[in-house]
Amino acid sequence: MPDPLIFEILDLKKKHDATILAHYYQDGEIQELADFTGDSLKLARAATTVTSSTIVFCGVHFMAETAKILNPKKRVLLPDLEAGCSLADACPADKLARYQEMLRINGRTFQTVTYINSTAATKALSDWIVTSGNAEEVIARVPKDVEILFVPDRHLGAYLEEVTGRKMILWDGACMVHEIFSLKDLLAQKKKLPAAKTVAHPECPANILAHADYIGGTEAMIKYVGSFAEPTDFLVATEANMLWQLQSKHPRHRYHPVPGITCACNTCPHMARNTLEKLRDCLRDGKPEINWQPEFDRAKEVIERSLLEPVRKPVAGD
Ligand code: 13P
Ligand code: SF4
């Protein structure tokens, strides 16, 4: 029997002319009733195509903020304003500004490449914004004769250094979820299921990535598992709600979450703040709302250039 709350949410959505966007790390029941699900890049782009007057963003604060920045005239709601992100917290704008100033004083010529998991104020200090889905393409747009300051994820940054061959100055931030996968448990799972393929998000540390058959963001993971025609076992090293999405898109496979050091199922406490009840309340009350802030103007330029402009292919000599 479907939860009556679901009907209430669908009625309120219609009544208030709202579109629901949900990240793949939301509970399956929220993903199921969303109009769009996606990774950070797909959702940011989807937000620009929404025709309703209200967007309800089921994800974390920086995602809803990005949707608002790309759609200044729309009302953007986030079911729980406290849904933050350990990566965004790791790189406050004032600290970044001081570090950039120190590099300039030391005569370094650099561009700041910032992971989308950051505040608008931090984005406003950046030259480029990347997501797990477009980082390599965007880094190819950074002139070869300047250094790259990559913030805030040191694991994603180290992975990108490896795949792009660009040396980077790495900020010391990490995702609290991806940082704690248990290598011991992963190796035990691999021993138990030797034919299984391991997929890992590039926010994982190098010791986990070293044992992955495939490294990619959440959207790329869906594509990868979809390329296997035969039923296959996958060990999944990313936030555990991703398994719901993989299961619903490609049900022929078997998915096994890689455990965290302290938990069998590694979930994001920030994403988990959004619940069906809070989604209902925010649609009903029209709050919490993301309001325009002065730093959004500068952040908008950087986000649009990085995420929405067609990518120029690098040419010889770049
Ligand atoms: P993607 O879904 O863009 O890969 O991002 C992962 C993530 O950690 C979002 O907070
Ligand atoms: Fe931030 Fe990690 Fe949670 Fe994503 S999973 S919102 S990166 S803390």
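Okay, here's what the table says:
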| read-out | value |
| --- | --- |
| Efficiency of FRET between residue 309 and residue 188 - r from beta-carbon atoms, R0 41 angstrom, step 0.05 | 0.35 |
| Per principal axis, descending, Cα span of the chain in whole Å | 64, 53, 37 |
| Relative contact order (%) - the chain, alpha-carbon pairs under 8 angstrom, separation at least six | 22 |
| Extension gain, residue 289 back to residue 81 (0.36 nm per residue minus Cα-Cα distance, nm) | 74.1 nm |
| Relative contact order (percent, whole number), segment 211-281, Cα cutoff 8 Å, 6+ residue spacing | 25 |
| Subset of 68/287; 15/74; 42/167; 73/300; 123/278; 42/223 violating a 18 Å alpha-carbon distance limit | 42/167; 123/278 |
| Student exercise, the chain dipole from Lys, Arg, Asp, Glu Cβ charges, in Debye to nearest 20 | 440 |
| P(r) weight above 18 Å for segment 185-239, C-alpha pairs, percent | 28 |
| Order by protection proxy (mean Cβ within 10 Å, highest first), peptides 225-232, 212-219 | 212-219, 225-232 |
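Any read-out appearing in this document is the output of simple, stated calculations on the displayed coordinates, not a laboratory observation. If you're wondering where the values come from, they're calculated on a predicted model, not measured in any experiment. A quick note on method: Cβ atoms are made from the backbone with ideal geometry, for glycine too, and the neighbour counts reach across all protein chains shown.
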